[in-house]
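Worksheet: one structure, shown below.
The values are calculated or read from the model by the stated rules, or taken from the named source; none is laboratory data. Computed from a predicted structure; not experimentally measured. Ideal geometry is used to build each Cβ from the backbone, glycine not excepted, and the neighbour counts take in all protein chains shown.
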Amino acid sequence: MKITAARTYLVGNPWKNWLFVRLETDEGVHGIGEGTLNAFSRTVESAIHELSDEYLGADPAQIELLLQRMVRDVYTEGGQIHMSAVAAIEVACWDILGKVQGKPVHELLGGRVRDRVRVYANGWYRAERRPELVADRAREVAARGYSAMKFDPFGAAYRVMDRREEDLSIEIVAAVRQAVGNDIDLMIEGHSRFSVATALRVAERLAEFRPAWFEEPVPHQNIGAMVAVASRSPVPVATGESFTSLHQFADLLRHDAVHILQPEPLFLGGLWRTRILAGMADAHYAVVAPHNAQGPVCSALSAQLGACIPNFYVQESFDEFNESWSREIVDRPMVQQGGHVTVSDAPGIGIDLDWERLASYPYERQHLLRLFEPGWEMRGDALPGGPVEAVTLEQHEVEP
């Protein structure tokens, strides 16, 4: 079997444009992947086609060889843009391989260790930064059956906060805890906002609400800073979503300070590298909570990982809080029940897309998160700035 073409589709999800890929083969079996990257999905699309010499004509079953060709052999460090492009192709290859063998991907990655994957809700807190309003939204999430939820209470904070803003942030957390009770896990998102000193002060104030973790309290680029916070914080620190190599995780793990790792499969190059990372984490008694703030393909592949990783913790989920049409473009959308999603036994990653319907939701440049602007948490509902000219979705493909 040979890869014959890669077709890319940009889709205008309001808070982040999604990028999907359909990989064609000479035997008529296609695979689906995703390369979504906030402000750079169109750039990733270009990268997918620039890498075409490395995968067109190749056997999709030779996944490790393809990774070497797309990463090592191009001898270019392209960060998240590069690795998202690689992951889009890599995931599509796994999807093809599963379909050819008639097996779900988790059976090819070591086999199922659980039938259901626990998920936590994200994207639910689209409300003004008033404790009572965020608490109302949290009650709704708990009523849907979730046993865990994540949110960023810090507004547009950057490095430091004045006392009023810090107090408001803590009041929001307190209101959510009171609203949902003690049986719901709260994950507090930091979005790399703080200095070490600010992060530690905030962590001390968060501790009484017993959050499951404090995520990315400082920027990921400085591993020493993350270790400094994790070593002294009374709240467990989670990080890793922005890493693009196993080497970065190895550097972090050698300090044995962070034991909740959040690999983003798209940024790490796909399923295989993420599965390897889970083994590395296990050797340090760490758990894996995959980052999943992209589209429905990423949700499906993350569920496959959650099914087969022994040291899996919990998976992020935006699916129920995206636009309603986002569930209509998928033939088997992920459905949360009791805070879990059931792992699909369908061949490949378990879903396919309605390719013709994607054109109904065109890419638009203003569809991105600006995490340091007031009102960003509204996720496109009330962001500052006027309308930006839309770019009509076009299907692109590369063939030999």
Residues of region 126-161 being of a type in the set (Ser, Thr, Tyr) and buried (at least 19 other Cβ atoms within 10 Å of the Cβ), in sequence order, are Tyr146
- prompt: Is there a residue in region 195-207 that is touching a Leu at 6+ places or on another chain (Cβ under 8 Å) and either part of a loop (DSSP other than H, G, I, E, B) or of a type in the set (A, V, I, L, M, F, W, C) (or both)?
  reply: no
Of Val86, Val29, the only residue that is in contact (Cβ under 8 Å) with a residue 12 or more places away in the chain, part of a loop (DSSP other than H, G, I, E, B) and outside the structural domain of Leu266 (by TED's automatic domain parsing) is Val29
Residue pairs qualifying under the 9 Å Cβ cut-off, at least six apart or on distinct chains, with the first in region 159-175 being in the same structural domain as Pro131 (by TED's automatic domain parsing) and at positive phi and the second being hydroxyl-bearing (Ser, Thr, Tyr) and surrounded by 12 or more Cβ atoms within 10 Å (Cβ to Cβ), are Arg159/Ser195; Arg159/Thr198
Just one listed residue, out of Ala278, Ala307, is under 18 Å from Trp94 (Cβ atoms) and without any contact (Cβ under 8 Å) to a residue 60 or more places away in the chain, and it is Ala278
Screening Asp115, Asp95 for residues that are within 20 Å of Cys298 (Cα to Cα), surrounded by fewer than 19 Cβ atoms within 10 Å (Cβ to Cβ), acidic (Asp, Glu) and touching a residue at least 24 places away in the same chain (Cβ under 8 Å) leaves only Asp115
Leu133 meets each of (1) touching a residue at least 24 places away in the same chain (Cβ under 8 Å); (2) not charged (D, E, K, R); (3) not in a loop (DSSP other than H, G, I, E, B) with one exception, condition (1)
Checklist line | Test: residue in region 373-385 that is among the small types (Gly, Ala, Ser), touching a residue at least 40 places away in the same chain (Cβ under 8 Å), assigned by TED's automatic domain parsing to the domain that holds Trp272 and surrounded by fewer than 19 Cβ atoms within 10 Å (Cβ to Cβ) | finding: no
- Item | Condition met for Met161 (farther than 22 Å from Ser317 by Cβ, of a type outside the set (D, E, K, R) and touching a helix residue (DSSP H, G or I) at 6+ places or on another chain (Cβ under 9 Å)) | yes
Counted residues in region 6-32 being within 15 Å of Asp95 (Cα to Cα) and aliphatic (A, V, I, L, M) come to 5
Only one of Glu128, Glu77 is at pLDDT below 95, over 22 Å from the mean Cα position of the chain (by Cα) and either outside any helix (DSSP H, G or I) or assigned by TED's automatic domain parsing to the domain that holds Ser41 (or both), namely Glu128
Wholly inside region 228-323, helices (runs of 4 or more DSSP H) that include 3 or more residues that are surrounded by fewer than 24 Cβ atoms within 10 Å (Cβ to Cβ) and more than 12 Å from the chain's Cα centre (by Cα) are 246-253, 271-282
Filtering region 324-352 for residues that are surrounded by 14 or more Cβ atoms within 10 Å (Cβ to Cβ), over 27 Å from Ile89 (Cβ atoms) and in contact with a Phe, Trp or Tyr (Cβ under 9 Å, 6 or more places away or on another chain) leaves a count of 2
